[in-house]
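In what follows, a structure is listed as structure tokens, so that the remarks can point back to it.
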Amino acid sequence: MQTSKNERMLASSMAVEIAPAYSKALAETTQHYQVMVAFVKAQMQKDVDYGVIPGTRKPTLLKPGAEKLCRLFNLRPHLKLIDSIVDFDKPLFYFHYRCSLYRSEVMVGEGEGCCNSMEMKYQKQKYRIFDLTNTICKIAQKRALVAAVLSSCGASQFFTQDIEGMAGGAL
């Protein structure tokens, strides 16, 4: 049986040696993935570290899970307020944070998160919005942390954040 030109080209491209630098990166990436799989199975608890939001395709990473992944990979989060609106007259409260993750003194990733008092869940609260300003600030910080961890730890293969993972992109 004769092989076609395309089959020979495919076979020769598969036989190409990977440069040493890429071989090391490939091995490290494979090891990282194996560590993530083992850690998620052994250490991450449903409804504590991650939760399932109805209509989403993947579990949602929660703050305790993000903190565990920071400890696993020796990451130290640093939060910085990027923008805010504190208007007691409207009332409108908005916070935008950036979370930078550091290993030793090297920044290895970032994520951003926002929260505001006009989100539906705060409109439905029995509390006065003025009583929720700290909560709104903390939610923005949590969203920034989770975003940074998802991208920096390679966790987005396993988890999503909040409700953006809903089927069809609906909110």
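Around the amide H of Thr160, modelled in the peptide plane, lie the amide H atoms of Thr60, Leu61, all under 5 Å away and 5 or more residues distant in sequence or on another chain. The trypsin sites (Lys or Arg not before Pro) found in the range 89-165 that occupy coil by DSSP, while having at most 14 further C-beta atoms within 10 Å, are Lys124, Lys126, Arg128. Along its first, second and third principal axes, ordered by size, the range 23-171 spans 59, 37, 25 Å in Cα coordinates.
Values quoted throughout were computed directly from the atomic coordinates according to the rules given, and no laboratory measurement underlies them. The model shown is predicted, which means the values in this text are computed figures rather than measured ones. So basically every Cβ, Gly included, is an ideal-geometry build from the backbone, and we count neighbours across all protein chains shown.
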